[in-house]
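One structure below.
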Amino acid sequence: MDKYGIVGKRNHFGLWSFCAVNSILKNPTYLGHMAQQRWSSISYKNHKRYKKDESEWIVVKNTHEPIITQELWDKVREVEKSVAQGRKTKRGYTHPLSGFLFCADCGGKMKLNYINRDGKLYFNFNCGNHMRIGKAYCFSHFIQAKDIEAIVLDDIREMAQRIVIDEKVIREEFIRHNTELADKAIKTAKKELQVKRKRTEELSRLMQLAYEDRLKGKMPEDICIGFIQKYSEEQKRLETEIAELETRLTETTNTIQSADEFIRNIKKYLEAPELTREMCYELIDRIVVGSAPKTEGEDRVIDIIYKVDIASVLRYKLKK
């Protein structure tokens, strides 16, 4: 009630806010898991709250009936990690390939543009850096949206058709091909892990020695603090690198599962009538667009990079 005694009306639109939706999408409660200790305060004096890192949460799994499937949860995580964030135009339209296209020469993202002819919109893509900065940075990589859509859709259909015809052989070929690459990557990663873990242990020992020397009076306090700070910073950096290496090892060992998922996804689009954003999120990592050919008869290079390297095996099979 305001100063005139009139009850104010609430501004209620009945729509979810961005913050609310973002919180829901990252809440493991919907998967049937109870996550605790997600928030904390700075101290018992300062009650300002902050969100803790996910690695610090206490998660108890399968505490209640899930509302969504693990597959749907994983799809949301994929969209989050994708290079394409799906920006809308001023008219509220999001093109299926928006955010997936990159310029082959400067590495910048391709920008979606449109031309209005007689009330009908015609979409095209061009190098974003060229559009913003001009020829001084990069040159034109203009391509009609319908042309790039047709190229990508045909490529997906062609691979889906080949998988349907020869799925078992292609799957085995992919696993064999990827296992060879994975073995080398795993050996290198394990060797790096061993070196970094050994150094982390050594740093802990050096910090302990520096502290003991300070207590015995063998080392001045300022030098001791300097050594411990230096060792601590290096140790934190190594711990981050170790975590990244362990993640890479886990991803490398999931080769068979990723192959099966990719095959299952691409088979759905054997007779897809049009390219959709869902298809792009499920299958494509990025697309690198080369410049238009300068001479007649020359092919334009467009490199479609799929999320799983099975595409390289499929291309090899298609050429045979």
(Q) Suppose accessible area is computed on protein heavy atoms with a 1.4 Å probe; arrange 130, 47 from highest to lowest. (A) 47, 130
Q: Using per-residue counts of other Cβ atoms within 10 Å, averaged over each peptide, order 95-107, 272-284 from highest down.
A: 95-107, 272-284
(Q) What is the distance in Å between the Cα centroid of segment 33-51 and that of segment 262-288? (A) 41 Å
Q. Excluding ligands and nucleic acids, what accessible area in Å² is computed for residue 247 using a 1.4 Å probe, to the nearest 10?
A. 70 Å²
Q: Would you mind checking the pairs 120/146; 198/230; 26/307; 196/230; 52/196 and listing those with alpha carbons more than 24 angstrom apart?
A: 52/196
Q: Would you rank 112, 209, 245 by solvent-accessible area, highest first, keeping every protein chain in place and using a 1.4 Å probe?
A: 209, 112, 245
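The values are calculated or read from the model by the stated rules, or taken from the named source; none is laboratory data. The structure displayed is predicted, hence computed values, not measured ones. Glycine also receives a Cβ, built like all others from the backbone with ideal geometry; neighbour counts cover every protein chain displayed. For accessibility, only protein heavy atoms count, side chains too; no ligands or nucleic acids. Shrake-Rupley method; radii C 1.70, N 1.55, O 1.52, S 1.80 Å.
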